[in-house]
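Everything on this sheet refers to the single structure shown next.
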Amino acid sequence: MGDDETGHGFDHIQRVVGLADRISQSYPAADHLETLTAAYLHDVIDEKLVTDTAAASAEVKQFLVDQGFTTAQITAIFLIMDNMSYHKTLDGTAKPLPLEGQIVQDADRLDAIGAIGIARAIYFGGHFGEKIYDPAVQPRTAMTHAEYRNLNHETIINHFYEKLLTLKDLMNTAAAKQIAEHRQQVMLDYLAEYKAEWNAEA
Ligand code: ADP
Ligand code: NI
């Protein structure tokens, strides 16, 4: 993750771990070791970051065995990592997440919104050659997984409408929803200001 240039570097991981830890304080029943381990490892086996996800998963499993994790713990951690990603929800293939997974998914989504979310979306869009904004291109709705990953007509500003602004209402936990409220307003203010400046109105 140290070499990542798409906004999924180790700093992203550290924020997700920090947010998962913070949300967990409201849910003492959640297994803390499983929550934080899944938070640390969640992007290591992700399709957008590794080409061979099966090989990456096998490597992570062996790593956890070497660290002394039990088979039950490894199964629980992989259930989270295999089903928390946004694209899984688009295809309807995601299995329901246990409380630990709901916390990690919320933490990952919180890092996609707010001031950091704005920076990451611009960084990601720049990396993949997206236009910043084009008022002639309408945001897409009800995308399939393939459409979501097709960046040919994607713009960075449209990504807010297609995904980032929807995340607040997709939060699983009340603790994350509360954090998301402020971050949502930061994005809405940013978009309003962006368009006002675009139109020479601000
Ligand atoms: P997940 O990790 O839940 O599967 P993604 O990998 O699709 O989600 O996206 C992770 C982050 O990468 C997004 O929250 C956003 O910051 C950025 N991102 C993804 N797709 C785009 C896009 N088309 N334009 C700009 N940023 C994007
Ligand atoms: Ni992530």
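If you go through segment 109-135 and pick out every residue that is more than 16 Å from E162 (Cβ to Cβ) and more than 16 Å from ligand 2 (Cβ to nearest atom), you end up with 3. Condition (residue is modelled with pLDDT of 95 or more and within 11 Å of ligand 1 (Cβ to nearest atom)) applied to segment 1-19: is it met by at least one residue? Yes, some residue in segment 1-19 is modelled with pLDDT of 95 or more and within 11 Å of ligand 1 (Cβ to nearest atom).
Where helices (runs of 4 or more DSSP H) fall wholly inside segment 1-69, the ranges with 2 or more residues that are within 16 Å of ligand 2 (Cβ to nearest atom) and in contact (Cβ under 8 Å) with a residue 60 or more places away in the chain are 10-24, 32-41.
When segment 66-98 is examined, which residues are found to be of a type in the set (G, A, S) and crowded, with 18+ Cβ neighbours inside 10 Å? Before you say what the answer is, go through the steps one by one.
Taking segment 66-98 first, the residues of a type in the set (G, A, S) are 68, 72, 76, 85, 92, 94.
Result: A76, S85.
For segment 137-178, filtered to residues that are within 16 Å of ligand 2 (Cβ to nearest atom) and assigned to a helix (DSSP H, G or I), the residue that is nearest to V104 (Cα to Cα) is A176.
Specify which of the listed residues (E147, E162) is near ligand 1 (Cβ under 10 Å from one of its atoms) and surrounded by 12 or more Cβ atoms within 10 Å (Cβ to Cβ).
E162 is the lone residue from the list that is near ligand 1 (Cβ under 10 Å from one of its atoms) and surrounded by 12 or more Cβ atoms within 10 Å (Cβ to Cβ).
Restricting the first member to segment 159-173 and to residues that are under 17 Å from I23 (Cβ atoms), and the second to residues that are small (G, A, S) and not in a loop (DSSP other than H, G, I, E, B), the beta-carbon pairs closer than 6 Å and six or more apart or on different chains are K168/A180; M171/A180. Across segment 98-140, the qualifying residues are those that are in contact (Cβ under 8 Å) with a residue 24 or more places away in the chain and β-branched (V, I, T), and the one among them that is farthest from ligand 1 (Cβ to nearest atom) is I103.
Say we look at segment 95-108 and pick out the residues that are in a loop (DSSP other than H, G, I, E, B) and away from ligand 2 (no atom under 15 Å from the Cβ); which of these is farthest from A180 (Cα to Cα)? Among residues in segment 95-108 that are in a loop (DSSP other than H, G, I, E, B) and away from ligand 2 (no atom under 15 Å from the Cβ), the one farthest from A180 (Cα to Cα) is K95. Taking the numbered list (1) more than 18 Å from H12 (Cβ to Cβ); (2) among the aliphatic types (A, V, I, L, M); (3) open to solvent by less than 70 Å² (accessible area, probe 1.4 Å); (4) not in a helix (DSSP H, G or I) in turn, A112 passes all entries but (1).
The values are calculated or read from the model by the stated rules, or taken from the named source; none is laboratory data. Quantities reported herein were computed from a predicted structural model and do not represent experimental measurements. So basically every Cβ, Gly included, is an ideal-geometry build from the backbone, and we count neighbours across all protein chains shown. Areas reflect the complete protein model, heavy atoms only, side chains present, ligands, DNA and RNA absent. Shrake-Rupley method; radii C 1.70, N 1.55, O 1.52, S 1.80 Å.
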